[in-house]
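Before any comments, here is the structure.
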Amino acid sequence: MDVGLIIERTALTLLKMAATRLPEDVKSALQKAYEREDHPIGRLHLRNILENIRLAEENNLPLCQDTGIISFYLRAGSNFRGLGRIEEILCRAVRKSTVEIPLRPNSVDFFTNVNSGDNTGRHIPYLNWEIFDGDYLEITVLLKGGGSENACTLNMMKPSEGIDGLKKFVIESVLKVGGTTCPPTIIGVGVGGGADIAMVLAKKAILKPINEENPNRKIAEMERELYNAVNMTGIGPMGLGGKTTTLAVKIEYAHRHPASYPVAVAFQCWAARRAAARIYSDGRVEYLTHKLE
Ligand code: SF4
């Protein structure tokens, strides 16, 4: 089969998976949070979220009315065939998915406000590339809602503010946005590089599997500390009280200029609509985040 066709079919499957079913790790984290939550309103909201997830799966319908903005994170082996056609193929898959799933058309011209009607537009879907020496292609699709996206923030801090300053900024950011992010969230913290690099890292951090421990012991400790601190704010599910404000805090970092200390915080709402697959050079496709029915 033509590699372009395999990529398009895989992208269509991923878009449908992401829109209608949460990845296994997110579902299980929400279920555990429900079992742990003792605030009556918080518990009720987690139950409603779990029911929402069940109904979307059963009826093959989007988990949320807000399609969000669609991004693809690509890890492409330099020997994988057809790399030059990927952008065109993924845009086609987004257009088809908008009709077939269906998805609410969510992409509007920045200046004129005109909706493209098919979830594509200038730089949308957004493509983030990583090239490595290999022969497979890994595609992760993310449908990111506006509520949590509007809460993303960046602070070009002073290096003298140090790790304590970084933690303070994360907690202050959580307190500032409260329930507008549709909690429980997954919080991505990107530090280092420059302004652009920090935010890209924060976004990549929210794509990490919830149950995957950070290989760096000190960073893993900081993630746990921030997770506990965020859950002590009492914001709770949907911002209506409880001890489940976040399901995970994930940190990604880059080296930095000695005079710069960029810290970016990205929020992902409970509807963490991501799905990933790997396409091998022989045409085999392995789905990484969801069980295929
Ligand atoms: S923030 Fe997430 S859950 Fe809330 S409306 Fe947007 S997509 Fe839906």
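The values are calculated or read from the model by the stated rules, or taken from the named source; none is laboratory data. Worth saying up front: this structure is predicted, and the values here are computed from it rather than measured. Note: ideal-geometry Cβ built from the backbone for every residue, glycine included; neighbour counts use all protein chains shown. Heads up: the accessible areas ignore ligands, DNA and RNA and are worked out on the full protein's heavy atoms, side chains in. Shrake-Rupley method; radii C 1.70, N 1.55, O 1.52, S 1.80 Å.
For Ile235, are the conditions met, namely being buried (at least 22 other Cβ atoms within 10 Å of the Cβ) and in contact with a helix residue (DSSP H, G or I) (Cβ under 7 Å, 6 or more places away or on another chain)? Taking the combined requirement at face value, the residue satisfies it.
Yes or no, residue by residue, for (1) at pLDDT 95 or above; (2) more than 24 Å from His290 (Cβ to Cβ):
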| site | (1), (2) |
| --- | --- |
| Glu57 | yes, no |
| Leu61 | yes, no |
| Gln65 | yes, no |
| Leu83 | no, yes |
| Ser97 | yes, no |
| Glu100 | yes, no |
| Asp109 | yes, yes |
| Gly134 | yes, no |
| Ser148 | yes, no |
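Only one of the listed residues (Leu143, Leu137) is open to solvent by less than 30 Å² (accessible area, probe 1.4 Å) and within 16 Å of the ligand (Cβ to nearest atom). That residue is Leu143.
Residues are listed down the side, and each one gets a yes or a no for (1) at pLDDT 95 or above; (2) within 16 Å of the ligand (Cβ to nearest atom); (3) open to solvent by less than 30 Å² (accessible area, probe 1.4 Å):
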residue	(1), (2), (3)
Lys168	yes, no, no
Pro184	yes, yes, yes
Gly190	yes, no, yes
Lys203	yes, yes, no
Tyr227	yes, no, no
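Scanning the range 246-279 for residues that are under 21 Å from Leu142 (Cα atoms) and in a loop (DSSP other than H, G, I, E, B) turns up Cys269, Trp270, Ala271, Ala272.
Among the residues of the range 196-223, those that are more than 19 Å from the chain's Cα centre (by Cα) and not hydrophobic (A, V, I, L, M, F, W, C) comprise Pro215, Asn216, Arg217, Lys218, Glu221. A count restricted to the range 251-288 and to residues that are within 24 Å of the chain's Cα centre (by Cα) and either small (Gly, Ala, Ser) or modelled with pLDDT under 95 (or both) stands at 8. Restricting attention to the range 62-77, the residues that are open to solvent by 40 Å² or more (accessible area, probe 1.4 Å) and more than 13 Å from the ligand (Cβ to nearest atom) add up to 1.
Number of residues in the range 78-105 that are open to solvent by 100 Å² or more (accessible area, probe 1.4 Å) and free of Cβ contacts under 8 Å to residues at least 24 places away in the same chain equals 2.
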